[in-house]
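Read the figures in this text as sums done on the coordinates, not as results from a lab. Just so you know, these numbers come straight off a predicted model, no measurement behind them. Cβ: placed from backbone, ideal geometry, glycine included. Neighbour counts: every protein chain shown.
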Amino acid sequence: MNKEKLLRDIDEIVQSQKGKDSDGIVSLYNEISKKCMEYINFTGIGNETKTAHYLSMEFLMGRMIDSNLMAMGILEDTRRILEKHGWDRRCFEDIDDYALGNGGLGRLAACFLDSGATIGINLHGYGIRYKYGLFKQVFSEDGAQKEKEDDWQVFGDPWSVRREDEKEEIVFADASVMAVPYDMPVIGFGNKKINMLRLWQSEPSAGGTDLGISDFLYPDDSTDQGKTLRLRQQYFFAAASIRSIMKKYMKEHGDDVSCFSEFNQIQLNDTHPVIAITEMILVLMKEYGKTFDFAARTAGRCFNYTNHTVMPEALEKWDTVLLGGILPEHLAIARKLDRRLCRELSRAGEKRKARVNYRIMERDRLHMARLAVYVCGHVNGVSEIHTGILRDSLFRDWLKIYPGKLLNITNGITQRRWLDLCNPELFGLIASRIGEGFVRDLSLLKNIRPMIDEGFIDDFIKVKQARKRELAEYIAKKQGIVIDPSTVFDIHIKRIHEYKRQLLNIFSILYLYFEMKDGGLKDFRPTTFIFGGKAAAGYKRAKAIIKYINMAAGLINNDPVSNGRLRIVFVENYNVSYAEKLFPAADASVQISTAGTEASGTGNMKFMLNGAVTLGTMDGANIEIVERAGRENNYIFGADTDEINRIRESYDPLPLLLADKKLGRVVGTLSDGTFEDDDGSLGELYGALTEGASWHRPDHYFVLHDFRAFIECRLRLNMDTADERPFARKCINNSISAGEFSSDRAVRQYADKIWGITVNE
Ligand code: 26Q
């Protein structure tokens, strides 16, 4: 690539762009992006060397232009060109995110693609080109969430290439559609390697009807299961991907499929694409005349499955009537696999009764996780504790029969986006001591330890201050809310879920507020509590939690007693680009899920890398984070998994509520008229905590149990911030201990332990 020539071309584009309104920015964005596409010459991919294919219903890519320019090594030059011609160097902030995902699982897929291309292996992504991505969140007058469609394609899609010649027909029992691939380049840092993200768009086949399969992204909402359209989506992209992968293989290796797995490994991102397994078996049988056993063995050698949750309600099971109605052959294959499994189990000595726990066909439902565990060569969890839970409970029986299938690969994040791009000053500060090598090898971070002197601490404090000021400006611009950058920034950003316990956080803030009203907490250091996150549109309790937080903010922010000491902001429409401003500005990272519920978390790593302390429970990757960064540099509280398991059966929150008047007062605000509750949703939350519901006991997530421990820990953190430099040292210790949490390390482990791909950088 001729960088100088590209930059001259970009200069020309910017120079000739006259209108400086938002239309001007959009056209600049498209012109520059297309020019880059010409230069990288993204023509397609081969299958000469071993390749991993990452199948995922979600890719939460965020804004593409900055990361692509950075990978090509022209980000800074391009910004300079923009400035030279009178544009804001950050003008592309008005360009939308590629929000084709919900949260952690989708963002992980995006980080993995970045890492695969950067470390130089063949790793391609396959997903769905949703017409509308994750909804945009707005708050109405009363603080409730409203959803607006995310019509991202109005900005154009300059990074995609439509490949008409590689479309696939996807056949259901009752209809068929065309799957048309749109390929995006995944540019490795330094532009050494370019991989591909292939997103399938559904279109009517000749004479057929439009089923609207790729119209919408399903929100992460376990109550919304069983939708035929969701199953169609899964099959649509899984089948299209399998067919295109197999075709590429045949083109290069002929139709001897016995070597297929030596060239292709397929990673299933949770159970969402598991139907790809039966698709491959069917293709091998029907189109290549192979036996069922041969086909199943072939599938076993190339498929692998990553589990991202242990929550029972999120384990996918498809009703056989529904499945048989649109994919009868797949149901038949699943039944055959189930019988084959039973034979293996009985050979292994499992009695009929014990076998029920394994059955792929669970009475009238197909259990997707079991199908995956049975067929796949490798199954992995995403943090040590999560894999431990899979080993000891969810998949325990399986491991007796197939020991060695399960392994742990702790999640990671790409430091290119989550430090270099979003916090160039901190990146530069670290680079000034150890050089820039850690942009490709985050483990080098540890080398800075002996170089942390007083000067470094000064500079770190300055950088953090600058990030906080920038965030404050941004929030003022976006939402008209003023926050004070000299206060402690305590940030809780992630999807809204009961198990993530945003309720625990807001309860504790209400507690602080009531203490202040009673004349207490004289030494409390002024704190800004920032929330961000979306609730699935159909998840009533999560939406009630948002409304409650917004109403509590209204109360607390407007009371002279707490004014200047407590401030709450719920940032609207939290997304990847917003995240890039929030992580660098945090003093405290709030990670307070009930122990045993958060598979890993990856936001926790983004905070850590940017130098925030973790205020959290012993859950998910928090445990590994604290192990690396030192417990003394973090704020850990509450029940761990052992304790939760011990108390679960006999837990009753009512005595707690009665004995602890202050807790009672806080929780009471859900039902005592402190806040208006016309739709009864706050009352429903109150009931869930105190009485339970048909499907769960009271306080299912132990919010009240952990309340006091949380308050205590939070107050300790608050006190510690009074000593600016010692506290900054804790923050720094976190940042420089983040070396292992790079997605480069994670992808290397997948390559090494699962895919059998050698990484030679
Ligand atoms: C399922 C059925 C119907 C409709 C939607 C869904 C659905 C969609 C998305 C179920 C789950 C998801 C997303 C799950 C997710 O993001 N899990 C997170 O994965 C991260 C990466 O491993 C972990 O860090 C988080 O702990 C985990 O919660």
Residue 23-residue 690 pseudo-label distance in nm [points 7 Å out on the Cα-to-Cβ vector] = 5.8 nm
FRET efficiency, residue 89 to residue 250 (Cβ-Cβ, R0 35 Å, nearest 0.05) = 0.15
query = What number comes out for the charge environment of residue 144, summing +1 per Lys or Arg and -1 per Asp or Glu over other residues with Cβ under 10 Å away?
reply = 0
query = Within a Cβ distance under 15 Å of residue 472, other residues only, what is the Lys/Arg minus Asp/Glu net charge?
reply = +3
message = Between residue 329 and residue 203, what is the label-point separation in nm under the 7 Å Cα-to-beta-carbon projection?
response = 2.4 nm
task = May I ask you to order 411-418, 432-439 by the average number of other C-beta atoms within 10 Å around their residues, highest value first?
result = 411-418, 432-439
key: Relative contact order [Cα under 8 Å, 6+ residues apart], the range 546-651, whole percent   = 20 percent
task = Grab the beta carbon distance between residue 453 and residue 473, set R0 = 41 Å, and tell me the FRET efficiency rounded to 0.05.
result = 0.85
request  = Report, in whole Å, the centroid distance computed from the Cα atoms of the range 37-104 and the range 595-619.
outcome  = 27 Å
key: Gyration tensor (Cα) of the range 328-375, equivalent ellipsoid semi-axes in angstrom   = 18, 11, 9
ask   = Over the range 182-253, what is the mean sequence separation of C-alpha contacts under 8 Å (at least six apart), divided by residue count, expressed as relative contact order in percent?
value = 19 percent
key: Segments 736-745, 227-236 sorted - mean Cβ within 10 Å per residue, highest first   = 736-745, 227-236
task = Would you mind counting up the charge near residue 454? Only other residues with Cβ under 11 Å from its Cβ, with Lys and Arg at +1 and Asp and Glu at -1.
result = -1
note = In Å³ per residue, the alpha-carbon convex hull of the range 586-660 encloses 104 Å³
inquiry  = Nearest 500 deg cm²/dmol is fine: what mean residue ellipticity at 222 nm does the chain get from its DSSP H runs of n ≥ 4 alone, each adding -39,500 (n - 2.57), divided by its residue count?
reply    = -13500 deg cm²/dmol
remark   = For the chain the mean separation of alpha carbon contacts under 8 Å (6+ apart) over residue count, i.e. relative contact order in percent, is 13 percent
task = Using 0.36 nm per residue of separation minus the Cα-Cα distance, give me the extension gain between residue 672 and residue 540 in nm, one decimal.
result = 45.5 nm
key: Percentage, to the nearest whole number, of Cα pairs in the range 660-700 over 11 Å apart   = 63 percent
note = For the chain, percent of DSSP beta bridges that are antiparallel (nearest 5) comes out at 40 percent
request  = Please list, or write none, the lysines whose alpha carbon is within less than 27 Å of the alpha carbon of residue 167, excluding same-chain residues fewer than 8 places away.
outcome  = 34, 35, 50, 131, 193, 227, 247, 248, 251, 286, 290
remark   = On each of the three principal axes the extent of the alpha-carbon atoms of the range 481-532, given in whole Å and largest first, is 34, 24, 17
task = Based on the mean of other Cβ atoms within 10 Å per residue, sort peptides 546-552, 252-258 so the most packed one is first.
result = 546-552, 252-258
message = What are the extents of the Cα atoms of the range 328-469 along their three principal axes, in Å, largest first?
response = 69, 33, 24
query = Cα-based Rg (one decimal) and Dmax (whole number) for the range 398-477, in Å?
reply = 18.6, 59
As computed over the range 162-233, the Cα convex hull volume per residue (Å³) = 114 Å³
ask   = What whole number of Å gives the distance from the Cα centroid of the range 544-568 to the Cα centroid of the range 223-295?
value = 51 Å
remark   = The Cα radius of gyration of the chain, divided by 2.2 N^0.38 Å with N its residue count, comes to 0.95
message = I want to check the label-to-label distance for residue 563 and residue 436. Put each point 7 Å from Cα in the C-beta direction and report it in nm to one decimal.
response = 4.9 nm
query = Quick one: Cα centre-to-centre distance for the range 357-396 and the range 177-195, in angstrom?
reply = 31 Å
ask   = Which FRET efficiency value, to the nearest 0.05, do you get for residue 391 and residue 484 by plugging their Cβ-Cβ distance into 1/(1 + (r/R0)^6) with R0 = 41 Å?
value = 0.30
